[in-house]
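Chemist: Before I ask anything, here is the structure I am working with.
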Amino acid sequence: MNPSYRIEIDGNNLTGIFSKRLVSIDVIDNAGYDSDEVTITVTDPEGKLKLPRTGAELTLWLGYDAKLKKVGIYTVDELITAGPPRTLTVKAHAANMKASLKETKSRSFDNITLGDLVTQIAAEHSLTPVVGADLKATHFDHIDQTAESDLHLLTRLAVDLDAVAKPTHQRLVFVTRGDEKAASGQKLPTVALTPKQVSKWRATLKDRFLYKSVSAQFQDLKAAQLKTVTVGSGSPNQLIRRTYPDQDQATRAARSRYHRYARGKGKLSLSLPGRTDIFAETPLQLSEFQDGVDGSWVASKVMHRLTKTQGFSTRIEAELKD
């Protein structure tokens, strides 16, 4: 099998032009709100390559021979020319990271579910909402958005819900972290891996000084007093330095922080021949590696690299599934 790719810019197939000059294609697929990105570097010995416009739509496919899979749609936001030897580097980020999502605004929401909130914000930015079934009915008595962007608001709520809020592929996705959902909202299939399929791997298993429980405080208006909820048991205990408006939000925040500590117990990196079936949030099932390493993991970052000299490879960073 021969590594292959397809590059379109503003709908024009430029693969033939890039293939004669290609140095490398690097793709980073992130879990969470970090924008996905692609970097393409080509040689330009005569300095006569036509530069794509910033703001152009770049669509990329990767794979082997004629079996290609669309990796993503991006917006060109940076061009770098350098030499000698002369090269051109095109950098692009996920096409849905709209500027409007970063505009600050002040408003409030009362008696609203998460599903309705995400749907409203998605509509304001011409995106399709994708909300996890387990999160749609999450209720908020009151939410303040004060000099805060829509993206920051959703990210803040996602942290408290141990979730992922991310605009991608014309969708606004809000799902539980580790829920293994693609941009379409469909559950990603589990990928089974053994050492024979991997060229290099490294696992770090930590038994560090972790918090055994997490507490959060909320203001009980009826009782006119500050109350505390705790998730987990034992010490050391961490108290979140923020007061929540009600018990539900305090409980969700404590649970989110507790699960975050649990995931921190295991980190994994894998290098393997190019795989277009693995994305950020893909569940991984490892076997035949080693006790403590075998089991369930979730990809947190996936990096694809294709070069003319070294071929197509994929590197995965993953967290132990809690």
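Chemist: What percent of all Cα-Cα pairs in the range 67-124 falls into each 10 Å bin, going from 0 up to the bin containing the maximum distance?
Modeler: Pair shares across the bins are 15, 28, 26, 18, 9, 3, 0.
Chemist: Just to be sure I follow the definition: excluding the sites themselves, where is the longest run in the chain that has none of the GluC sites (Glu not before Pro) in a DSSP loop with at most 14 other Cβ atoms within 10 Å? Walk me through the numbers on the way to the answer.
Modeler: On the way: sites that count: Glu46, Glu103, Glu288.
So the longest stretch without any such site is 104-287.
Chemist: Can you tell me how the range 80-160 classifies by the Cα gyration tensor, rounded, prolate or oblate, using a/c under 1.5 as the rounded cut?
Modeler: Working: a/c = 3.29, a/b = 2.45, b/c = 1.34.
Taking the square roots of the gyration eigenvalues as a ≥ b ≥ c, the range 80-160 is prolate.
Chemist: Select from Ser235, Ser24, Ser269 the residue whose mean-square fluctuation is largest in a Gaussian network model of the chain (Cα-Cα springs shorter than 10 Å).
Modeler: Ser235
Chemist: Where the convex hull is taken over the Cα atoms of the range 1-65, what is its projected area averaged over directions, in nm²? Kindly include the intermediate steps, with their values, before the conclusion.
Modeler: Numbers: hull surface 22.0 nm².
For the range 1-65, the mean projected area of the Cα convex hull comes to 5.5 nm².
Chemist: What aspartates and glutamates does Lys50 reach when the alpha-carbon gap must be under 17 Å and sequence neighbours fewer than 8 apart in one chain are set aside?
Modeler: Glu8, Asp10, Asp77, Glu78
Chemist: Moving to a separate point now. Could you run the Karplus curve 6.51 cos²θ - 1.76 cosθ + 1.60 with θ = phi - 60° over the range 307-319 and give me ³J(HN,Hα) per residue in whole Hz, x for Gly and Pro?
Modeler: With the stated coefficients, the range 307-319 comes to 10, 5, 9, 10, x, 10, 9, 10, 10, 10, 10, 9, 10 Hz.
Chemist: Sticking with this structure for a sec: Would you list which lysines come within 22 Å of Lys265, measuring only between C-alpha atoms, while excluding same-chain residues fewer than 8 positions from it?
Modeler: Correct list for Lys265: Lys200, Lys206, Lys212, Lys301, Lys321.
Chemist: Bins of 10 Å, beginning at zero and ending with the bin holding the largest distance: percent of Cα pairs per bin for the range 202-277, please.
Modeler: Values per bin, smallest distances first: 18, 36, 22, 14, 8, 2, 0.
Chemist: Same structure again: Any idea what % of Cα-Cα pairs in the chain are farther than 27 Å? The partial results should precede the final answer.
Modeler: On the way: 27194 of 51681 pairs.
Beyond 27 Å sits 53 percent of the P(r) for the chain.
Chemist: Considering the options Thr228, Trp201, Pro245, tell which one lies farthest towards the positive end of the dipole of the range 196-254, charges being +1 on Lys and Arg and -1 on Asp and Glu at the Cβ, about the Cα centre.
Modeler: Of the candidates, Trp201 comes out farthest on the positive side.
Chemist: Cross-link candidates for Lys67: which lysines have Cα within less than 16 Å, leaving aside residues fewer than 8 places away along the same chain?
Modeler: none
Chemist: Moving to a separate point now. Determine by what factor the alpha-carbon radius of gyration of the range 1-122 differs from 2.2 N^0.38 Å, reporting the quotient.
Modeler: Normalised Cα radius of gyration, the range 1-122: 1.34.
Chemist: While we're looking at this one, here's another question. What number comes out for accessible area per residue over the chain if the probe is 1.4 Å? Units Å², please. Kindly include the intermediate steps, with their values, before the conclusion.
Modeler: Working: 16420 Å² over 322 residues.
Solvent-accessible surface per residue comes out at 51 Å².
Chemist: Let me ask something additional. For the range 1-59 and the range 119-148, compute the distance between their C-alpha centroids and round to whole Å.
Modeler: Value for the Cα centre distance between the two parts: 34 Å.
Chemist: Continuing with this model, one more query. Which value at 222 nm does the chain reach when only helices count, each DSSP H run of 4 or more adding -39,500 (n - 2.57), with the total divided by all residues and rounded to the nearest 500 deg cm²/dmol? Please list the in-between numbers first.
Modeler: On the way: 4 runs with 44 residues, N = 322.
Helices in the chain give a 222 nm mean residue ellipticity of -4000 deg cm²/dmol.
Chemist: Measure off, as a whole percent, the carbon and sulfur share of the 1.4 Å-probe accessible area of the chain, all protein chains present. Don't jump to the answer; show the numbers that get you there.
Modeler: Values: 7990 of 16420 Å².
After summing per-atom areas, the C and S share lands at 49 percent.
Chemist: Further, regarding this structure: Ranking request for peptides 295-305, 127-137: highest mean number of other beta-carbon atoms within 10 Å first, then the rest in descending order.
Modeler: Working: 295-305: 20.1, 127-137: 17.3.
Ranking the peptides 295-305, 127-137 by packing returns 295-305, 127-137.
The values are calculated or read from the model by the stated rules, or taken from the named source; none is laboratory data. None of these values were measured; they are calculated from a predicted model. So basically every Cβ, Gly included, is an ideal-geometry build from the backbone, and we count neighbours across all protein chains shown. Only protein heavy atoms, including side chains, enter the accessible area calculation; ligands, DNA and RNA are left aside. Shrake-Rupley method; radii C 1.70, N 1.55, O 1.52, S 1.80 Å.
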